[in-house]
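The values are calculated or read from the model by the stated rules, or taken from the named source; none is laboratory data. Everything numeric here is computed off the predicted structure, so don't read it as measured data. Cβ placement follows ideal geometry from the backbone for every residue including glycine, while neighbour counts extend to all protein chains displayed.
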Ligand code: ACO
């Protein structure tokens, strides 16, 4: 048995904030933000609109695309670093609203969260504990940004993406459709380069995101290249076999340098960072949904998802669509 993504969906809050809007709040400019990051705008959740609201909307759209109902779903995993509450898991809120039986839990690996969640769903499906899973990346990073800090507040946005993953019979060869390889890594010694300075146990506050941008950039480029090499080696494929690279959308310059390292042409890299900014765990399923719905990703294509985030955490998934 393998698991295969059979539907994708997404949701973005209605409110769009441009770089010029931000320049009214902090000492920055559209030119600086575009040149350093490629970001032109981001969506920001309305007051009272929570991560579970975004997750629920993305889940509904993925289920509709997949042609499944709540009765078909037996597992829900939400990847988020910005849950509605400390507990219960945001996934159980989504479960309740969808009327899904089965089991539901959250995964926390910040920007790599979606790869971690997808890998986890793949394991449950392959060993028979679930048949059809909903994997959601959903974030409201606007709630943990320091809106006085121009070095970080310009980089992030809110949103959610979701996929439906289902068991499919495989032959165990590289010709199968579905997920063919996953690799995950973490390195807790890099904690202070990207973290939130709050939390229930440490400070009893929510806290704000803190980041050493240049250091994160340097590690991201190295770690992403090595994990892509790993999933290629696991499957015996070459960089030239990749039809679509769907990266976590942190920064245009990270996307460019990763693609350049593998000689992957720019038109094979799915980019949403210009319109969504960095939506952490939501960015990969948001980008994937866009490329699937507009017809770029086609049956039989080799698709590689990759991400790196706070922790540090990083990972990649390789699949035949
Ligand atoms: N507007 C104007 N000036 C700014 C802004 C801003 N929004 N932010 C920082 N500056 C200034 C700095 O204060 C500094 O000024 P100074 O020299 O007078 O002190 C100057 O610009 C250069 O700052 P650097 O931090 O060196 O800028 P850099 O070129 O490294 O770009 C950036 C910063 C965009 C954050 C870059 O380091 C980066 O992309 N890092 C990757 C981090 C990332 O994407 N993290 C996302 C989370 S992790 C992940 O998802 C992979």
Self-check item: Hits in the range 191-213 (condition: out of contact with any strand residue (DSSP E or B) (no Cβ under 8 Å at 6 or more places or on another chain) and within 11 Å of the ligand (Cβ to nearest atom))
Solution: 213
Quiz item: Is it the case that some residue within the range 133-154 is under 30 Å from residue 235 (Cα atoms), more than 16 Å from the ligand (Cβ to nearest atom), in the same structural domain as residue 43 (by TED's automatic domain parsing) and surrounded by fewer than 22 Cβ atoms within 10 Å (Cβ to Cβ)?
Solution: no
Quiz prompt | Residue within the range 109-121 that is free of Cβ contacts under 8 Å to residues at least 40 places away in the same chain, under 20 Å from the mean Cα position of the chain (by Cα), closer than 26 Å to residue 157 by Cα and surrounded by fewer than 24 Cβ atoms within 10 Å (Cβ to Cβ) present | solution = no
Practice problem: Would you mind telling me which numbered condition in (1) within 10 Å of the ligand (Cβ to nearest atom); (2) in contact (Cβ under 8 Å) with a residue 60 or more places away in the chain; (3) part of a helix (DSSP H, G or I) residue 218 fails? | Solution: (2)
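Return a yes/no flag: does the range 224-231 have any residue that is in a helix (DSSP H, G or I), without any contact (Cβ under 8 Å) to a residue 60 or more places away in the chain and within 15 Å of the ligand (Cβ to nearest atom). Spell out how you get there, then give the answer.
Quick first cut of the range 224-231, residues in a helix (DSSP H, G or I) only: 224-231.
Filter once more, so that each one left must be without any contact (Cβ under 8 Å) to a residue 60 or more places away in the chain: 225-226, 229.
Subset that is within 15 Å of the ligand (Cβ to nearest atom): 225-226.
Within the range 224-231, one or more residues are in a helix (DSSP H, G or I), without any contact (Cβ under 8 Å) to a residue 60 or more places away in the chain and within 15 Å of the ligand (Cβ to nearest atom).
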Self-check item: Sole residue being crowded, with 22+ Cβ neighbours inside 10 Å, away from the ligand (no atom under 16 Å from the Cβ) and assigned to a loop (DSSP other than H, G, I, E, B), chosen from 59, 14, 45, 91
Solution: 45
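For the range 156-177, state whether one or more residues are within 11 Å of the ligand (Cβ to nearest atom) and over 25 Å from residue 136 (Cβ atoms).
no
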Exercise. Determine which single condition residue 257 fails, assuming it passes every other condition in (1) assigned to a strand (DSSP E or B); (2) at pLDDT below 95.
Key: (1)
